[in-house]
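First comes the structure, then the notes that go with it.
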Amino acid sequence: MAYEGIVQELIDELGRLPGIGPKSAQRIAFHILQTESFDTTRLAQILMEVRDKVHFCAICGNVAEQETCSICRDPRRAQNVICVVEEAKDVAAIERTREFRGLYHVLGGALSPIDGIGPNDLRFAQLMKRLADGSVDEVIIATDPNLEGEATATYLSRLLVQPGLTVTRLASGLPVGGDLEYADEVTLGRAFEGRRVVEA
């Protein structure tokens, strides 16, 4: 059902956001309309500030409010390990694990010939520039375990062949709490490849 005027415009604009379908857009719009305590002025102000203040880190491509992001500015981070991810949101996901203490490099997407995204559209050249001085010992490829992510990982592994540099790929396999019968062939294959000795 289409609503009148500005209400439909709000639903349409919300629906343009990634991951928000027509029903979700409608639900959010009506939440804003019906919740008197909802601060629309604050939301509008934050959206404007994000546009004005936030950009991408000059070193790694992560989101930043200064020229460089907080991770690149942190002297406690291991400077000899770089984890390569597709998007800035992947940095946040890895940081939540508190397992990685090195640096990042955000490619800005994944190779996808169907969508017209080739090597020149991603931040490969910037990565190679960061590796030029030989101070990095390991590059961890942490692209998504899908077709585009696998293609990007393969391209990277070939691009990064150089003496003294170890290139690793994040292990992937069966999710915790998942059922074996529902796993696809690629996931099951990866789980077999990544199997490890069980300690008694």
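The values are calculated or read from the model by the stated rules, or taken from the named source; none is laboratory data. Remember, it's a predicted structure, so these values are computed and weren't measured experimentally. Cβ placement follows ideal geometry from the backbone for every residue including glycine, while neighbour counts extend to all protein chains displayed.
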Of all residues in the range 1-20 being among the small types (Gly, Ala, Ser) and surrounded by fewer than 11 Cβ atoms within 10 Å (Cβ to Cβ), which is farthest from residue 43 (Cα to Cα)?
2
Considering only residues that are touching a residue at least 60 places away in the same chain (Cβ under 8 Å) and assigned to a loop (DSSP other than H, G, I, E, B), which ones fall in the range 106-154?
123
Those residues that are among the β-branched types (Val, Ile, Thr) and either touching a residue at least 60 places away in the same chain (Cβ under 8 Å) or closer than 19 Å to residue 84 by Cα (or both), I need them from the range 155-200; list them, please.
161, 166, 167, 168
Matching option when the condition is part of a helix (DSSP H, G or I) and within 19 Å of residue 154 (Cβ to Cβ), among 90, 52:
90
Being basic (Lys, Arg), in the same structural domain as residue 156 (by TED's automatic domain parsing) and at pLDDT below 95 narrows it down to one of 98, 123, so name that one.
98
Looking at the range 56-77, can you tell me whether even one residue there is more than 30 Å from residue 135 (Cα to Cα) and not aliphatic (A, V, I, L, M)?
no
Just wondering, is there one or more residues in the range 156-163 that are assigned by TED's automatic domain parsing to the domain that holds residue 114, closer than 23 Å to residue 93 by Cα, under 18 Å from the mean Cα position of the chain (by Cα) and not in a loop (DSSP other than H, G, I, E, B)?
yes
